[in-house]
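The block underneath contains the structure these notes are about, expressed in C-alpha cells.
Coordinate-derived values only; no laboratory data. Owing to the predicted nature of the structure, the values given are computational and were not obtained by experimental measurement. Heads up, the Cβs are rebuilt from the backbone with ideal geometry, glycines too, and the neighbour counts pull from every protein chain shown.
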Amino acid sequence: MSGDGTTDEGRTAPGDGAGGGPAGNPSHNGGKHRRRKYGRNRGDDGSREESMVPRAEFQSYYGRPVLKPPVWEWKIPAYLFTGGLSAASTMLSVGADLTGRPGLARTGRVGGAAALAASMYLLVADLGRPFRFHHMMRVAKPSSPMSVGTWILIAYSPGSMLAATAELLPASLRGTLPGRLLRFAARPAGMSAAVFAPGVASYTAVLLAQTAVPAWNDAHRELPFVFTGSAAASAAGLGMVCAPLEEAGPARRLAAIGAAVEIVASRMIDRRPGFVTTAYTTGHPHHLRKASEYLTLGGALTALTLARRSRVAAAVGGLALMAGSVFQRFGVFEAGVHSTKDPAYVVKPQRERLDARKREEAERAAEASQE
Amino acid sequence: MTRENSFHGPLADPAGEAGHEDHPPRMGFFTDTSVCIGCKACEVACKEWNAVPEDGIELLGMSYDNTGSLGASSWRHVAFIEQQRPLGHQDAGLTDLPVGPSSTETTTEVVAEALEATERGGANLGTAPVDLGFPSFDLPGAGSGVENRTQFRWLMSSDVCKHCTHAGCLDVCPTGALFRTEFGTVVVQQDICNGCGYCVSGCPYGVIDRRPDDGRAWKCTMCYDRLRADMEPACAKACPTDSIQFGPLDELRERADRRLADLHAIGVSEAQLYGRDPEDGVGGDGAFFLLLDDPEVYGFPPDPVVPARDIKSMWQHAGTAAAMMVAASAAVFLGGRRRR
C-alpha cells in the first residue's frame, strides 16, 4: 500500500472539532467497488482548503460492526413461518369445526400440528446444544420473550397434537372406546390450543424486537401486525389449497384480511422515519419483502375472485399466500442481520440521539443562566 | 416491588434486586484509557486465568490490534487507533521534520473492505483468515514528502464486558444460565447454557458470543472465582499502568470524576467518561471507561439502550395484534354458514 491514495483526498477526520480516527464505512454507497466518504480536509490551524469530498457520515472502529450478528441461521425465520402457520391453522380449524366444515377443520388440525412439529424441530436444531433443549423449562422468565414463548408453546402443543391425532385416526380404531373418546376430545382439545394460538403467532414479533438488532428493535410497533397478518394469510392459504371449495369460504376471507394487515403493516415499516429503515428498503431484504408483497397481494386477490369457483386457482392462490409469508419472514430476518453487520445502523441513530440530547441540555443550561 | 426499575433506569443495587441478601458492594472496572500503553497484558492474563481458547492468530492490519473485537474467546480486547491530532498540549516534535502521514485512513479503508467479505461482517474476525491485500512493495506512507507531515496520537483502550445495570443478555436468557452475581456482575453458567443464542442479539455492546465448536455462549465473568476468593480480576492484576482499575463501583466512579477533572484542567478537553452515568440507557455500566474521543471511534455504541426498555410497549402491540387475529378468525365464519 503506497501513500498515493492518501495524499490527494481529505484525510483529516470526520466529526466536530476532533480529528480523526478511523471513520466511515463503505457499505452503503452502493456499487461494487465502494469508497469511503472522507471528512473535510482541515488542518489543525484550519488553513487547509476544503475538499469536495462529502463529509463522513459517522465514525467507527476500522468499519467494524459494533454488534454481533445473530447466530441464528435459516431455521429461525423458517420457524417464524411454521409457528405462525400452525397457530392460525389451529384457529381456523376451530371455527370450521364449530360451523360444520369438516374438510377445513381437518386441514387446519393436521396442517397446524404438522407445522408445529416442524417448529419444534427447527427450534431445537438451532440450539448450540440441542440436547439441552429442556433447560428452557428450568425457569419462567417474563423478561425473556423466548422463555414466554416456550411456555406458550408448551400450553399450545397438547391440544393441537390431540386434535390432529383424532383426525388421523385409522377407520379401524374409530369405533373402539379409546377411538371414540379421542374423537370426542378433539373439539375441546382444538379449542384449548386456539386459546394460546394468538400468542404463538404474535410472541415471535417481541422475540425479535427485544434485541439490540437495530432493524428489529426499531420496528417493534409494526412487527406484531406483520407477523399475525402473515400467519393468518399463510394458514388461509393452506386452507385454500387443501379444503373443498364450498368449505373454504372463511379461509378465503381470512386470506384477504391477513394479507391486508400484513401488507399495510409491512409498508408502515418501510415508511418509518430514520436511517434504520434502510435496512428494510434496500438490498436483499428489500427484494425478499417485495416478492412477499406481490405473492401475498396476488394470493389475496385470487382468494377474493377466481378461487371461489376454480380448484386450480384456489390452490395456486393458496400457495402464493404461503410463499409470501415465507418471504416476509426471511425478509424481516435478513434486514435485522444486515443491520448488525454495518456499524452505521448502530452509530448513526445513537449519535443523532446523543447530539440532540446534548443540544437540549445546553439550551436548558443557557435558559437557566439567563434567568 | 420496584418493577419499573428492573427493566430500565437508575438502579442503586442490582444484586439486591436480583435477590441477593447481605451481599458485598457492587464491584466494577474503571478503565482509564489515557494511561493505557497497549501492552495487552490484560488480554493475556485473561486468557491464561480463564483458560480461554485460542481464537485465531491473524494479522488484521488494524494498527497493533490483532484481536479484532470482543467475542466468545476474547474477553479483553485492546483497541489501537492512530489519529492525526495532538494529545492535549503535547508537542510531537515534528515541526520541520520530514515524516510521512500516518497510514490510519488507508488501513481503515483496506480493513473495512476486507471485513465485508467475511462471513459475519468481521464480528468474529480473528477466527478465520482474512486477506488484507498485504504485502505491497511500497512502505506505508512512501512517496509522501514533508508537506504531508501530520500531528499524531495513538489511542489505546482495553475493552471488556460492561456488566450493565440492566443487562440485555441477562434479560433475554431463557434458561437462567446468565445470572446476576452477589457482586452485581453478570455471569454465564456453562453447565446450564443451551446455546440458544438470544443473548448474542440481546447485548447492545456486541460483547457476548457463541463459540462455534462448543455451542455455548461465553463472555467475561469479571473473574467470578477470583472475586469470591477476595482477589482482583486477572486483567486488573496484570495491568502495569493501572489503566484497568478494579474496586467497588462507587469508589471507582468518584475516582473517575476526579481523573476527568484533572485531565480537563491540563488541557485534554476531549476526555470523557463512558458508561459512568446511572441515568443512561443501560442504567450505567459496571465496567466503565475514560475515553479521549467519541465512543464510536473505539468501537463502542455511542448511546446504547437495553432492549427491554420498551418491553411494555412491545407486548402491548403484540397483544393488540393477537386480539385482531382472534377477531378476524371469528369474523370470517359469520354469514358463511348457509354453505352447508
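Miscellaneous remarks
- Estimated FRET transfer efficiency when R0 is 25 angstrom, pair A:Leu177-A:Ile154 (beta carbons, to 0.05): 0.30
- Put a dot 7 Å past the Cα of A:Val139, heading toward its Cβ, do the same for A:Ser310, and the two dots end up 5.5 nm apart.
- Amide N of region B:287-324 lying under 19 Å from the label point, which is placed 7 angstrom from the Cα of B:Trp154 along Cα→Cβ: B:291-293, B:298-299
- Inter-label distance, B:Asp262 to B:Glu48: 2.8 nm, where each label sits 7 Å from its Cα along the C-beta direction.
- Separation between Cα centres of region B:206-260 and region A:163-230, rounded to whole Å: 44 Å
- Listed pairs A:Lys290/A:Lys358; A:Lys358/B:Lys237; A:Lys75/B:Lys40; A:Lys75/A:Lys358; B:Lys162/B:Lys312 exceeding 32 Å between Cα atoms: A:Lys290/A:Lys358; A:Lys358/B:Lys237; A:Lys75/B:Lys40; A:Lys75/A:Lys358
- Measuring max minus min along each principal axis, the C-alpha atoms of region B:186-297 give extents of 50, 32, 25 Å (largest first).
- Note on region A:242-271 and region B:166-191: Cα centroid distance 41 Å, given to the nearest whole angstrom.
- For B:Leu178, the amide hydrogen comes within under 5 Å of the amide hydrogens of B:Gln189, counting only partners 5 or more places away or on other chains and with H modelled in the peptide plane.
- Inter-label distance, A:Glu361 to A:Tyr121: 5.4 nm, where each label sits 7 Å from its Cα along the C-beta direction.
- Look at where the Cα atoms of region B:273-340 and of region A:334-351 average out, and the two centres are 15 Å apart.
- Debye log10 I(q)/I(0) for region B:253-335, one point scatterer per Cα, at q = 0.17, 0.25, 0.26 Å⁻¹: -0.78, -1.17, -1.21
- Stretchable slack from B:Arg255 to B:Glu17, in nm (0.36 nm times residue separation minus alpha-carbon distance): 83.1 nm
- Descending principal axes extents, region A:75-343, alpha-carbon based, whole Å: 64, 50, 24
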